[in-house]
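Report on the structure given below.
The values are calculated or read from the model by the stated rules, or taken from the named source; none is laboratory data. This structure is a prediction, so every number in the text was calculated from the model and none was measured. All Cβ positions, glycine included, derive from the backbone under ideal geometry; neighbour counts span all protein chains shown.
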Amino acid sequence: MNISQQANGDQNAIIHIQLVESDYAPAIEKQLTDYKKKASMPGFRPGKVPMSMIKKMYGKGVLAEEINKLVSESLNNYITDNQLNILGHPLPNMEKTTSIDFDTQKEFDFYFDIALAPEFEIELSEKIEIPYYNIKVKSAELDKTINDVKIRFGTEENPEKAEITDGLQGNFSELDSDGNLVEGGLQHKAFFRIVDVQAKAIQDKMLGSK
C-alpha cells in the first residue's frame, strides 16, 4: 500500500491511496474460508462446498467490502498519524478516481480531496477590553423556565381525564376539505400541552379527554 499527499491550492490537498493485491488478499482469503466452513448447498456436505464455488458466489462482494474497509481505515489512520487538521470530511475526487472493475482489477487507486484548516495566531494583551454584562432575568421568565424543566424532567402520570395543565400525545393526519383522511398525506406524532393550544374552541374539546 502506498499513501501520498499532494497540494492542490493554498488550503486544499489530494490524498492518493494505492492498493495492491497483497494488501487485501489475506483478509479476503480468511473471509471466504469462513464462508466455506458455514456454507450449505445441495449435493455437498456442510463445510465441503468447493472453494471455487464459494469464490464465484461471494468473491466479488467480499472483495468490494474489504477494499472499502481498507481504504476507509487507511485514510483515517493517515490523517491521524500525520496530524492533519482538516475541515469537514475527506471527499472522493471523482475526476481522478476511475471506475472500478472488481472482475479484472488487481490494483486500485483512490483519490480524496481534503480542506486544510488555516493556521493563524492571536496576540493577547492587557490592553484588550471585553465588555462584561450583568443580565437581569425577569421573574416571569424565571418561573416559565422552572416550569418547563418540571414538565420535561418530572414524573409522568396518567390521570383519568385531561385538565388544562396536562399534556397529550397526538397523532396528526392530513385531511381534505371534507374532513376525510388524505391517502399518502402527512402523518406526524407529537406531544403537546393543552395550555399551549391557542384556539380556545379546540382547547375546550381536549379538556376531559380520557
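Which is outside the structural domain of ASN76 (by TED's automatic domain parsing), at pLDDT below 85 and more than 30 Å from LEU70 (Cα to Cα), of GLU160, GLU126, GLU156? Let's see the steps before the verdict.
Values: GLU160 fails: at pLDDT below 85; GLU126 fails: at pLDDT below 85.
Result: GLU156 is the single residue among GLU160, GLU126, GLU156 that is outside the structural domain of ASN76 (by TED's automatic domain parsing), at pLDDT below 85 and more than 30 Å from LEU70 (Cα to Cα).
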Only one of ALA7, ALA27 that is among the small types (Gly, Ala, Ser), surrounded by 12 or more Cβ atoms within 10 Å (Cβ to Cβ) and assigned by TED's automatic domain parsing to the domain that holds GLU73: ALA27
From the residues in the range 109-163 that are of a type in the set (Phe, Trp, Tyr) and surrounded by 10 or more Cβ atoms within 10 Å (Cβ to Cβ), which one is farthest from ASN85 (Cα to Cα)? PHE110
Return only the number of the condition from (1) acidic (Asp, Glu); (2) out of contact with any Lys or Arg (no Cβ under 9 Å at 6 or more places or on another chain); (3) in the same structural domain as ALA27 (by TED's automatic domain parsing) that GLU121 does not satisfy. (3)
Does GLN105 meet the test of being surrounded by fewer than 12 Cβ atoms within 10 Å (Cβ to Cβ), free of Cβ contacts under 8 Å to residues at least 24 places away in the same chain and of a type in the set (S, T, N, Q)? no
Hits in the range 155-177 (condition: assigned to a loop (DSSP other than H, G, I, E, B), in contact with a strand residue (DSSP E or B) (Cβ under 8 Å, 6 or more places away or on another chain) and over 14 Å from LYS205 (Cα atoms)): THR165, GLU174
Select from the range 2-58 the residues that are out of contact with any strand residue (DSSP E or B) (no Cβ under 7 Å at 6 or more places or on another chain) and among the aliphatic types (A, V, I, L, M) and list them in ascending order. VAL20, ALA25, ALA27, ILE28, LEU32, ALA39, MET41, VAL49, MET51, MET53, ILE54, MET57
